[in-house]
Structure formats: C-alpha cells, structure tokens
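Report on the following structure.
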Amino acid sequence: MSGKVDIELTVNGEAVFEAVEPRTLLSDFLRDTLGLTGTHVGCEHGICGACTVRVNGSTARSCLMFAVQANGATIETVEGLGSVAKLHRIQEAFRKHHALQCGFCTPGFLMTVRDLLESHPLKTDDDIRDGLSGNICRCTGYDHIVKAVRELANERDGIAA
C-alpha cells in the first residue's frame, strides 16, 4: 500500500487533520508529527507501558496502534493532563510521594492511573498493584507510586488521610 491516508482526530481537545503513511504508529504520529514527546517509546512491543495514552477514554498502547486506526478517535496524552504552571492532581500526588525517579515511565503511569481512578474500585494496595501491572518502572520499586495512587483513590472515595 502506498500513499498517505487522511485522518481526523481530536488530541488533547484539539482537532487534528493530517495525512499519514498507513504504517505510521500512533506513538510516532504523536511524537514526530504533533510534537507531543511526552508519550515515550520504550519496548515497542506493548509490554512496558511507557507509550500509554487514552483512546476514547480507555488506555491503549500507542506503539501497538497505527495512527489510521485512531481516525475519528479522541486521544489524550500526558500533555493533556496538566502544565508546569498547573499540575493535574495525579501529577501533584506523584510529586508529593516521589513516585518517579528517571521519569521515563511516568507519562504511561499517569495515563494508566487516570483510567484506574475513573473505572476501578482500588480498595486495597494489591488492587492498585494489579492495576499498574502493565507498566514497568526500573527505578522506583513501585512503593511510592502505590502511595500516590492510594492517596488519590482515598480522595476519590472520600476517605480521610
């Protein structure tokens, strides 16, 4: 197949119209075409979770999806969460609990946590660890990440700290 394909999608609330090669991965489209480099590419096999974004409200591995598959979709990347001037609550919790070290995996974790908080009960730390199991971090040991998510889940559920 040769030639480009026109796609139309919404990325972080902005309408995007682009012509892409059919073989262009969504991760490459976000990073190289749109300049949204917060979506990191680690393993390129969907195992590490660094490339996690939200597609139509559900998490997806952008390294396993072609940009043409996202035609018509609403995409959320880590850049859509917050800014340096105004962090999203999830970003604040990660900062407060030192839930990152090198930061490479952090964007994928943040997008995963957003999904977990919206759609999972997270009653125990084991629930949180299970929910995060698709994201790999080589630096933190996960304890601080779990603490950050625990705080967020407790806030969501109205449980005092």
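Look at the range 93-105: where a residue is in the same structural domain as residue 128 (by TED's automatic domain parsing) and at negative phi and a partner is hydroxyl-bearing (Ser, Thr, Tyr) and at pLDDT below 95, sitting 6+ places away or on another chain with Cβ atoms under 6 Å, you get 100/106; 101/140.
Suppose we keep only residues that are exposed (fewer than 13 other Cβ atoms within 10 Å of the Cβ) and among the hydroxyl-bearing types (Ser, Thr, Tyr) within the range 106-127. Which one would you say is farthest from residue 139 (Cα to Cα)? Checking each candidate, the answer is 119. Within the range 4-44, being in a loop (DSSP other than H, G, I, E, B), without any contact (Cβ under 8 Å) to a residue 40 or more places away in the chain, in contact with a strand residue (DSSP E or B) (Cβ under 9 Å, 6 or more places away or on another chain) and of a type outside the set (A, V, I, L, M) holds for 4, 21, 44.
Residue by residue, here is whether (1) part of a helix (DSSP H, G or I); (2) under 24 Å from residue 27 (Cβ atoms) holds:
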| site | (1), (2) |
| --- | --- |
| 79 | yes, yes |
| 85 | no, no |
| 111 | yes, yes |
| 118 | yes, yes |
| 131 | yes, yes |
| 136 | no, yes |
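Residue count for the range 87-105 satisfying the condition of being surrounded by 17 or more Cβ atoms within 10 Å (Cβ to Cβ), more than 19 Å from residue 27 (Cα to Cα) and out of contact with any Leu (no Cβ under 8 Å at 6 or more places or on another chain): 3. In the range 50-62, the qualifying residues are those that are surrounded by fewer than 24 Cβ atoms within 10 Å (Cβ to Cβ) and not in a strand (DSSP E or B), and the one that is nearest to the chain's Cα centre (by Cα) is 57. Restricted to the range 1-11, and to residues there that are surrounded by fewer than 19 Cβ atoms within 10 Å (Cβ to Cβ) and modelled with pLDDT of 95 or more, the residue that is farthest from residue 75 (Cα to Cα) is 4.
The values are calculated or read from the model by the stated rules, or taken from the named source; none is laboratory data. Since we're looking at a predicted model, the values are computed, not measured. We place every Cβ from the backbone using ideal geometry, glycine too, and count neighbours over all the protein chains shown.
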